[in-house]
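Everything below concerns the one structure shown next.
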Amino acid sequence: MQRRKTHYYAFILSVVACICAFIATSFAENNAANGGTLRGMITDTTPEQNPIEGVEVKIYDRNGEHDFVVKTDANGEYKKVGIPAGRYLMSTSKRGYGDRTGKPVTIVDGGDHLVPLKMTKKGNVADRWSAGLIQHIAKSIGNRYNLEAPVVEALHRSILEALEAVLEQNNQDVSEFVRTGQEGSLGLIDGLLSHPDCKAAFARHLTEKELQDYIAFTKKLRHQDQQAAAQYITAWIDQELILTEDQRKNLEQSLLDATANEVFPVSISLLEIDILEALQLVNEGLKISLDGLLTQAQYYLLQGIAGKKMAKGNKVEVELQLRTFAIAKLRAHADLLDPLDKKASRRLALAIDGVVQQYIDAQDTDPEATYRETAAKLALAVESGGITQKQVDERLNTLKQELWGKNGAIRWSEPWGDITRHPLFQKTIEDVLSEEAFAQYTAHQAEKENSHQQALRNLAVTSLGTQLILDDTQRKQLTAIAAELTVDLLKTDASRDLFYQLLQRTDREMLSPWQREIFAFMQAGFERQFGEQIEKR
């Protein structure tokens with residue numbers, strides 16, 4: 001009885017399975033009949049029109065309700081059946097080729113839609129860069145561990161093939177591999193050593209000791225880059241907020257503690273940001289609060305920097321913002337002095353009032369009047385035939401940038417470069433301090449100047465070093481060159497100025513062929529972006 005029961009249940013399950021299979025098949029066939037087919041061949045743009053295998057073809061509607069993905073076969077052909085009727089967009093992508101997006105297509109029930117497509121092979125700049133870098137890595141490893149030439153060549157091929165396989169598998173370009181787009185050479189090396197397949201390519205030709213030593217070398221490069229970034233940000237904030245020695249140490253340590261944060265900047269990126277962006281990076285990006293670090297005067301100065309940078313409104317409002325900044329900066333500087341008696345404190349306070357008033361008087365806080373006056377003079381010059389209307393427009397556009405800047409904010413300028421260097425303020429400090437205290441004050445200021453210069457030198461050397469992957473000997477040579485460079489720290493582009501000097505003085509003979517190529521590329525790009533404004537100074 002039990003056996004017959006078991007057979008009965010087995011029979012029922014078999015019937016149910018057949019019925020489900022029949023329903024599913026019928027439904028699929030009916031669905032395909034109610035939809036359409038999209039197919040075609042994808043070829044390159046060469047005269048031969050070669051088929052491209054492995055192209056990812058995505059078919060999607062504008063509402064995101066239907067999304068189909070197929071790939072081309074060895075003949076470059078793709079096919080997708082059972083697409084519901086409607087209007088769709090197509091996109092194609094394959095590593096090494098330019099992506100194509102937004103190709104419209106309309107599907108009808110039962111339709112067989114033929115859509116051939118073409119794709120253009122990308123330029124090989126990124127591939128040449130990565131291939132050159134990998135060759136440089138192999139040669140430098142060979143020199144580092146005294147490897148024979150065949151071993152170096154085998155290492156080069158293994159790493160290159162491993163990277164190619166990983167990129168092909170993930171349908172990526174080199175620039176998409178880890179964070180190389182932001183971090184350049186060092187980012188690619190980090191990616192190679194962190195990916196199991198690529199790391200295995202190193203391990204096939206190096207001993208465990210050699211591999212670990214090379215990993216330690218790359219970590220050292222990363223640490224140098226992070227340290228240079230932390231030192232530079234600290235020096236920059238110190239210059240603006242007038243920090244004490246303890247405050248500088250605490251801020252730099254807080255920055256180094258935040259290096260694991262994914263938004264921690266690579267050193268070369270700091271050449272492109274201003275002080276407000278740096279402060280925003282510290283506070284919002286790296287989550288380092290300055291509130292507990294700063295004195296009240298420094299905190300007011302922090303607020304004043306933003307107000308001064310974006311001074312807007314009428315003349316009275318702008319002058320109030322500038323006055324707030326000037327008072328805060330002078331008081332923050334005065335806080336660094338040894339405690340003063342009441343008479344000395346009163347005299348210094350009077351000096352601050354006088355310096356602030358001179359600072360305000362020296363500002364051009366009525367740009368509208370300046371613009372109107374200049375426009376009127378140029379109009380007279382046009383009438384007399386001295387200049388053309390086109391020249392007038394060009395000069396007025398330039399004047400707008402000088403007076404307001406890109407964001408409509410009134411541009412400001414500090415007479416004497418830094419208000420704390422005003423002769424009256426410095427003379428008063430000398431008068432209220434003892435001779436010994438003033439000597440210590442002067443030595444302290446010189447020490448801060450030197451440390452700021454050194455922070456800029458380290459930033460410049462590291463920015464180049466991590467892109468060119470300098471060995472220890474090359475870095476020593478570059479450091480020696482940078483040691484002779486100085487810049488005006490009060491200029492907003494001081495870091496770019498020193499980096500530019502380093503580019504100009506670097507001896508290319510110390511570089512490998514790949515390094516020279518990358519160096520030339522970096523120099524050309526830097527000069528296009530910043531060279532003109534630096535030369536104008």
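The values are calculated or read from the model by the stated rules, or taken from the named source; none is laboratory data. What you see is a predicted model, and the numbers here were worked out from it, not measured in a lab. Note: ideal-geometry Cβ built from the backbone for every residue, glycine included; neighbour counts use all protein chains shown. The protein model used for the area step is the full one, side chains on, heavy atoms only, and it has no ligands, DNA or RNA in it. Shrake-Rupley method; radii C 1.70, N 1.55, O 1.52, S 1.80 Å.
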**Asked** Once amide H atoms are built 1.01 Å from N in the peptide plane, which residues 5 or more positions from LEU117, or in another chain, come under 5 Å H to H?
**Response** MET41, ILE42, THR43
**Request:** Could you check how much of the accessible area of region 92-243 is carbon and sulfur, as a whole percent, using a 1.4 Å probe?
**Result:** 50
**Item:** Length added when fully stretched, GLU436-HIS195, from 0.36 nm per residue minus Cα-Cα
**Value:** 80.7 nm
**Asked** Mind listing the phi-derived Karplus ³J(HN,Hα) values for region 282-290, rounded to whole Hz, using 6.51, -1.76 and 1.60 with θ = phi - 60°, and x for any glycine or proline?
**Response** 5, 6, 8, x, 8, 6, 9, 7, 8
**Item:** Extension gain (nm, one decimal) between GLU148 and VAL105, 0.36 nm per residue minus Cα-Cα
**Value:** 9.7 nm
**Backbone HN-Hα couplings from phi across region 52-63 [Karplus 6.51/-1.76/1.60, Hz, Gly and Pro as x]** = 10, 8, x, 6, 7, 10, 10, 10, 8, 8, 5, 8
**Asked** Label GLU394 and THR370 with points 7 Å out from Cα along Cα→Cβ: what is the distance between them in nm?
**Response** 2.2
**Message:** Please list, ordered by chain and number, the residues whose modelled amide H lies under 5 Å from the amide H of GLY35; skip anything fewer than 5 residues away on the same chain.
**Reply:** GLY110
**Karplus 3J(HN,Hα) series, Hz, for region 428-433 with 6.51 cos²θ - 1.76 cosθ + 1.60 (x for Gly, Pro)** = 5, 4, 4, 6, 8, 9
**Message:** Skipping prolines and chain starts, which residues have an amide H placed within reach, meaning under 5 Å, of the one on ILE387, given they are 5 or more residues away or on another chain?
**Reply:** VAL382
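Averaged per residue, what accessible surface does region 207-326 expose to a 1.4 Å probe, in Å²?
Numbers: 5720 Å² over 120 residues.
Averaged over the residues of region 207-326, the accessible area is 48 Å².
Sort 456-466, 80-90, 40-50 by the packing proxy (mean of other Cβ within 10 Å over each peptide's residues), most packed first.
Working: 456-466: 25.4, 80-90: 16.5, 40-50: 14.2.
Result, highest mean first: 456-466, 80-90, 40-50.
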**Request:** Would you kindly give the portion of the calculated P(r) for region 156-233 that falls above 21 Å, as a percent of all Cα pairs?
**Result:** 33
